[in-house]
Amino acid sequence: MATLEQDTFRHYLEVQGRVDFDQNVFVSAKVPGVLTGVRVQRGDQVSKGQTMATIDAQVLEQNIAELRTRLELARISYEKQQNLWNQKIGTEMQYLTAKNNKEALERSLASLQQQRDQYNVKAPVSGVVDEVVPNAGEAVAPGMGIIRVVNLQGGKIVAEVSEAYQARINKGDKAVVYFPDLDKEIETTVNVVSSYINPTSRTFTAELRPTNTKDITLRPNMVAVVRIQDYQNEDVIVLPVNLVQKDEKTEYVYIAQKAGNQFVAKRKEIKTGMSYGGNVEVLSGLSANDNVITAGYQTVNEGQPVVFGETSLTQK
């Protein structure tokens, strides 16, 4: 027998999610070419802006060297024309021509140096190198990821939820996330609920940001079982769902009711609500302190005497 008490019934929507990070970048080259060197390997720590690989830029470097030679000559010519002009020797046009030539070459050199910098594959964020695809000597192109960098700060769990539940899932809802590979569970809340419905899968995205992860090391794409609380009813009777019996019209349970000097089985019709985790909420028909028969309930009959066993109320 189970003596009933008021309890809180909670219903959870269970979906599969995965771990992701805000800064999880698969870096590609900005220009096509052949890798001349890869300076990092998996597991290395990198800083934002650090060069991780280089692409062959020999032709561009030759152009830069030639331009520097021309610029050096233009600077000497400009300085001489400036000295002459300060002494009121020569024409203003000669001075301005020398100045313009020098400044034009400086701008051209700066432009070529910017182009040369694009031949360095740099880390866009600080983090850990998680994947290195090509080797030196292989061709790369823009849009083709070659090095993955992950910043392990700012981890989140991303879950795809059926559009049928969009009205029931809201920002701030309580949730429990279980990581099967780690056999660990954490409590968190829903941080973001997407308004966009994926036309292919008919799902929307829910994001959860765990805060208490000091004992858990999250990895990109780690599997997570997400249980989002989408319903709660306080001060309600909660029963194991297997105790509820049904006929063609109603749902019912048997309780032990005092009759004189003994207890007899009495059928109580009930109205149930939602069920979850083997339990069901009872909306009406039972009250606190009712004694529900939990052993032999499938064979008991109305008015049949019952006695208490050691742990439950059983059929006599």
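Note: relative contact order over the chain, using C-alpha pairs below 8 Å and six or more positions apart, is 26 percent.
Phi angles across the stretch 275-288 convert, under the Karplus curve 6.51 cos²θ - 1.76 cosθ + 1.60 with θ = phi - 60°, into 3J(HN,Hα) values of 10, 6, x, x, 10, 9, 7, 9, 7, 7, x, 10, 9, 4 Hz, Gly and Pro given as x.
In order along the stretch 87-92, the phi-based Karplus estimate (6.51 cos²θ - 1.76 cosθ + 1.60, θ = phi - 60°) of 3J(HN,Hα) comes to 8, 6, 10, x, 9, 4 Hz; Gly and Pro are listed as x. Helix content alone sets the calculated 222 nm mean residue ellipticity of the chain: runs of n ≥ 4 DSSP H residues at -39500 (n - 2.57) each, divided across all residues, give -6000 deg cm²/dmol.
Taking the Cα centre of the chain as reference, the dipole from Cβ charges on Lys and Arg (+1) and Asp and Glu (-1) amounts to some 1020 debye. Dividing the convex hull volume of the alpha-carbon atoms in the stretch 1-66 by its residue count gives 218 Å³ per residue. Legend: Rg and Dmax of the chain, from Cα coordinates, 37.1, 132 Å.
Here each label is just a point 7 Å from Cα along the line to Cβ, and for residue 242 and residue 14 those points are 1.6 nm apart. A Cβ-based charge dipole, computed about the Cα centre of the stretch 1-54 with Lys and Arg at +1 and Asp and Glu at -1, lands at about 600 debye.
Solvent-accessible area of the chain (1.4 angstrom probe, protein heavy atoms only): carbon and sulfur portion equals 44 percent. Across the cross-link table entries 48/171; 246/266; 174/266, which are compared at the Cα atoms, the separations over 27 Å belong to 48/171; 174/266. Set the Förster radius R0 to 35 Å, insert the Cβ-Cβ distance between residue 187 and residue 126 as r into 1/(1 + (r/R0)^6), and round the FRET efficiency to 0.05. Using R0 = 35 Å, I get an efficiency of 0.75.
The values are calculated or read from the model by the stated rules, or taken from the named source; none is laboratory data. The shown structure was predicted, so the numbers you read here are calculated from the model rather than taken from an experiment. So basically every Cβ, Gly included, is an ideal-geometry build from the backbone, and we count neighbours across all protein chains shown. Only protein heavy atoms, including side chains, enter the accessible area calculation; ligands, DNA and RNA are left aside. Shrake-Rupley method; radii C 1.70, N 1.55, O 1.52, S 1.80 Å.
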